[in-house]
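Some notes on the structure that comes next.
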Amino acid sequence: RLAAMGASCTTLDGSCRALVVPDELQPLKPQPQEVLRQAAAQAGLREDEYSAHLAGAKVLTGLMHLDQEECSLGHSVYDQAIVMPQMCRSAGYPMSLLHLSVRSFILLFLNYTIQGFIFYMLCQEELVMDKFAHQMHLCDFGANVQDCPQGANCIGPHGTNYQNSSRVRSFANWDLRIFIQDSLQELFPHKAGDIQRKMDVGEYGVESYWVRFVCVFIFTLSAMSDLRGTLDLIVILFTVPTAAEPWMAFKAPSWDTKHRAKQRMGKTELDLVSFQIAGMPLVWKIVNFSLIAIPKFLIWWTTQSHGTLFLMESQSIEGVIINTTALSFIFNLDELIFQTFSHRAAQYILERIEPLRLQDHSDSEAHTPEESMEILHRDRDRPLLDLRLIPVRMVVTLVVTILCVARYYMMLCVHNDRGGWVSKPQALPKHQVFPLLSFFFPYLFPAPAEVEPYWEMPHE
């Protein structure tokens, strides 16, 4: 009966002098309930309270280190381009896995092309086409209009005071009103003064300063997972050994024949294959760092910075909220392309690949209840005001938001006489196409423009 359940003999002649029973068939030895009762009594606790405290101690030793002890790969074209060539190398370069590896790089460059093209066209719209429409940058025109007429941002791009929220206009509405006013003055020059007094064109200005900032924070929040994946990828490349280690293994059971073990455990051949992050040759580290890690970080920064510019140039409340949703979707294009175009085999591997362990906390598995409770007591004695009280990722997200917003003001805005932020003088671009170097390196290669500005901040 034991043999039918998976036990095996230690001799080859069929006379089972000793029977090897696998651990799965060994009878469980539960800890006597009396021991827990005694431990609870010694601690001066009820049995259920002691059990809850012991569970809390296990949580401290088993879960609180998860943020720092492992790096994992996600489900995107970047991770696929890292993993599939290593699986192909580990298996000895079979043609099917080689095809999947080539396809992973095709999808990677497709993602680069689509994401780069979308944000390039956004920059084309904001930094080229809007200037041909004689639009100035929004900056802080009309921000905190409740402080007008004496506030810092109460003078609009037409040189008049906002006075109140009723004079705040979108650029299209404001520009149309100016066009109608100028046309009427041209048609009826003898009534130009009356037209100027009676036809209020308003001023171009932002509807809500704080909605813009909050939406930039939300957009940055959606981008932080992408940055976290980039940093995990860099850590993996620098942490794994520079050696041709296998990234997959076939682990057959050692305690019985494979056929009987599969039957008893309900497993298939594929279930016995494991995938793990391991060492890779130096040439693959260089390729992955050059073609995946660096471009991935550059795309993140380009998307973050130009996305912030696009949101800060959104004038209406509903417009900036809708634009935030649209920009956040662009960050997920790499995962969408992976889920739609990649082979199911690649998806299967990435779903089951084990994370890279950076720290080993396996010794906590051997802790006795007394040792676990001692860890709990030490944790209780820690001061309340501790650095671990601060959510680091939230702080990083806020810092990135502030840096990107500050970059927008430094690049496109200047201080006015009242201390507010207004647009820099605007000149027509020399070309209708936004230069690629200006897209990636705007400080080093600014887009060429005419010398004479078509707009500059007028006097009040």
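Computing the accessible area with a 1.4 Å probe over protein heavy atoms, can you report the carbon and sulfur percentage for the range 165-248? Intermediate values should be presented prior to the final figure.
Details: 2940 of 4580 Å².
On the range 165-248, the fraction of accessible area on carbon and sulfur atoms equals 64 percent.
Pull up all non-local amide H partners of Leu428: gap of 5 or more, or a different chain, and H-to-H distance under 5 Å with H placed in the peptide plane.
Distant-sequence amide H within range of Leu428: Glu450, Tyr454.
Could you work out how far apart the two model spin labels at Leu444 and Met248 are, taking each label as a point 7 Å from the Cα in the direction of the beta carbon, and quote it in nm?
4.1 nm
Excluding ligands, DNA and RNA, what is the solvent-accessible area per residue of the range 74-148 at a probe of 1.4 Å, expressed in Å²? Display every interim value, and only then the final one.
On the way: 2900 Å² over 75 residues.
Result: 39 Å² of accessible area for each residue.
Provide the gained length on full extension for the span Asp194 to Leu437, in nm with one decimal, where the gain is 0.36 nm per separating residue minus the Cα-Cα distance.
Roughly 82.5 nm would be gained on extension.
Order the peptides 434-443, 227-236 from the highest to the lowest mean number of other Cβ atoms within 10 Å of their residues.
Descending packing order for the listed peptides: 227-236, 434-443.
Please list Ile353, Ile390 from largest to smallest accessible area, probe radius 1.4 Å, with all protein chains kept in place. Before the final figure, lay out the partial values.
Numbers: Ile353 20, Ile390 85 Å².
Output order, biggest surface exposure first: Ile390, Ile353.
If you roll a 1.4 angstrom probe over the protein chains with everything in place, what fraction of the accessible area of the range 324-460 belongs to carbon and sulfur, to the nearest %?
On the way: 5640 of 9180 Å².
Within the range 324-460, the accessible surface is 61 percent carbon and sulfur.
Compute the accessible area per residue over the range 301-460, keeping the other protein chains in place, probe 1.4 Å, unit Å².
On the way: 9910 Å² over 160 residues.
Result: 62 Å² per residue.
Taking amide H positions as placed 1.01 Å from N in the peptide plane, with prolines and chain starts having none, which residues 5 or more places from Ile277, or on another chain, fall under 5 Å of its amide H?
Amide H neighbours of Ile277: Glu354.
The values are calculated or read from the model by the stated rules, or taken from the named source; none is laboratory data. None of the values given here were measured: they were computed from a predicted structure. Cβ coordinates were reconstructed from backbone atoms using ideal geometry, including for glycine residues, and neighbour counts include every protein chain displayed. Protein only, heavy atoms only, side chains kept; ligands, DNA and RNA dropped before computing areas. Shrake-Rupley method; radii C 1.70, N 1.55, O 1.52, S 1.80 Å.
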